[in-house]
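Enquirer: One structure follows; several queries about it will come next.
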Amino acid sequence: MRPRRYVGNSMGGGIGLAIAGRHTERLSRLVLVNHGGYRVRMPLAIRGMRLPGVRPVVRAGFGKWAVRGLPHQVYARPANLSPRMVNAYYQRLKGREALEAMVSCARQVDMPVIETLRPVFQNLALPVLILWGAEDTWLPDSIAQKTRGDFKNSALVYLPGCGHVAQEECPERVAEHVHRFAEGETAQDSPAPGPRPLGRRPRLLAGM
């Protein structure tokens, strides 16, 4: 199988890191968007879904109200999540199998293997583009900086006005960066953002 370009957000980015560390030959380029993988303290919602016996509670209590709460967690501008998007999220998550998958994912989101792979990352020539929504309140940007330091052939680009799911909130900018990088362009670091606006602080603290 010829090497592929991989793009991952959040936990998907952590999976991309694991592939890079264990199966580098399968990747030609790696794009990480507000990625997880490094050691962090999980948010309350995820910790709650890891409690024993939580499945029937999740099934009984899930509704559009839960989806409407999403933008306040992962969007820099909650108004950017339209009613149409709320409904789309709800339709995909309301089924029993989807809720089961969500709970199972919450219980497997820890990726301690990434910390053990960091010495491997430092010896890779793999081109890596790190896109970081500068107003992410779930993950601290120290993760992005740590990744930038671990991969010698990487660039860190901040996206002002974007939160944890930058590909949804700022799709044009994300698509432009991904397209240029996928076509072989060498990305350049962008300046680090200034302080977050008052009232917007990380809800997920670094665990190291």
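The values are calculated or read from the model by the stated rules, or taken from the named source; none is laboratory data. Note that the coordinates shown come from a computational prediction; the quantities given were computed from them, not determined experimentally. Don't worry about glycine lacking a Cβ; one is built from the backbone with ideal geometry, like all the others, and counts go over all protein chains shown.
Enquirer: Restricting the first residue to the stretch 161-177 and requiring it to be closer than 20 Å to Met11 by Cα and among the charged types (D, E, K, R), which pairs with a second residue that is modelled with pLDDT under 95 and assigned to a helix (DSSP H, G or I) meet a Cβ separation below 6 Å and a spacing of at least six or different chains?
Expert: Once the first residue is closer than 20 Å to Met11 by Cα and among the charged types (D, E, K, R) and sits in the stretch 161-177, its partners that are modelled with pLDDT under 95 and assigned to a helix (DSSP H, G or I) give Glu169/Asn80.
Enquirer: Tell me whether the stretch 150-159 contains one or more residues that are under 19 Å from Arg77 (Cβ atoms) and without any contact (Cβ under 8 Å) to a residue 60 or more places away in the chain. Let's see the steps before the verdict.
Expert: As a first pass, look at the stretch 150-159 and keep what is under 19 Å from Arg77 (Cβ atoms): 158-159.
Adding the requirement that they be without any contact (Cβ under 8 Å) to a residue 60 or more places away in the chain leaves 158-159.
Yes - at least one qualifying residue is present in the stretch 150-159.
Residues checked against (1) under 14 Å from Val74 (Cα atoms); (2) in contact with a helix residue (DSSP H, G or I) (Cβ under 6 Å, 6 or more places away or on another chain); (3) assigned by TED's automatic domain parsing to the domain that holds Asn9:
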site: Asp136; (1), (2), (3): yes, no, yes
site: Gly163; (1), (2), (3): yes, yes, yes
site: Val178; (1), (2), (3): no, no, yes
site: Gln188; (1), (2), (3): no, no, no
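Enquirer: Determine if the stretch 95-111 includes at least one residue that is assigned to a helix (DSSP H, G or I) and touching a Pro at 6+ places or on another chain (Cβ under 9 Å). Working first, answer last.
Expert: Just the residues of the stretch 95-111 that are assigned to a helix (DSSP H, G or I), to begin with: 96-108.
Filter again for touching a Pro at 6+ places or on another chain (Cβ under 9 Å), leaving none.
The answer is no, given that none of the residues of the stretch 95-111 is assigned to a helix (DSSP H, G or I) and touching a Pro at 6+ places or on another chain (Cβ under 9 Å).
Enquirer: Sticking with this structure for a sec: Consider only pairs whose beta carbons are under 8 Å apart and that are at least six residues apart or on different chains; among these, list those whose first residue lies in the stretch 127-146 and is touching a residue at least 12 places away in the same chain (Cβ under 8 Å) and whose second residue is β-branched (Val, Ile, Thr) and in a loop (DSSP other than H, G, I, E, B).
Expert: Every condition considered, the pairs that remain are Pro127/Thr186; Gly133/Val165.
Enquirer: Of all residues in the stretch 119-146, which are more than 24 Å from Ala166 (Cβ to Cβ) and part of a helix (DSSP H, G or I)?
Expert: The answer is Pro119, Val120.
Enquirer: While we're looking at this one, here's another question. Residues in the stretch 175-193 that are among the small types (Gly, Ala, Ser) and either touching an Asp or Glu at 6+ places or on another chain (Cβ under 7 Å) or in a helix (DSSP H, G or I) (or both): how many?
Expert: Number of matching residues: 2.
Enquirer: Can you name the residue in the stretch 110-140 that is at pLDDT below 95, surrounded by 21 or more Cβ atoms within 10 Å (Cβ to Cβ) and not hydrophobic (A, V, I, L, M, F, W, C) and, of all such residues, is farthest from Arg29 (Cα to Cα)?
Expert: Ranking the qualifying residues of the stretch 110-140, first place goes to Thr137.
Enquirer: List every residue pair whose Cβ atoms sit under 7 Å apart, with the two residues 6 or more apart in sequence or on different chains, where the first one lies in the stretch 93-107 and is without any contact (Cβ under 8 Å) to a residue 60 or more places away in the chain and within 15 Å of Leu51 (Cα to Cα) and the second, anywhere, is among the β-branched types (Val, Ile, Thr) and not in a helix (DSSP H, G or I).
Expert: Taking only residues 6 or more apart or on different chains, the pairs are Val103/Val54.
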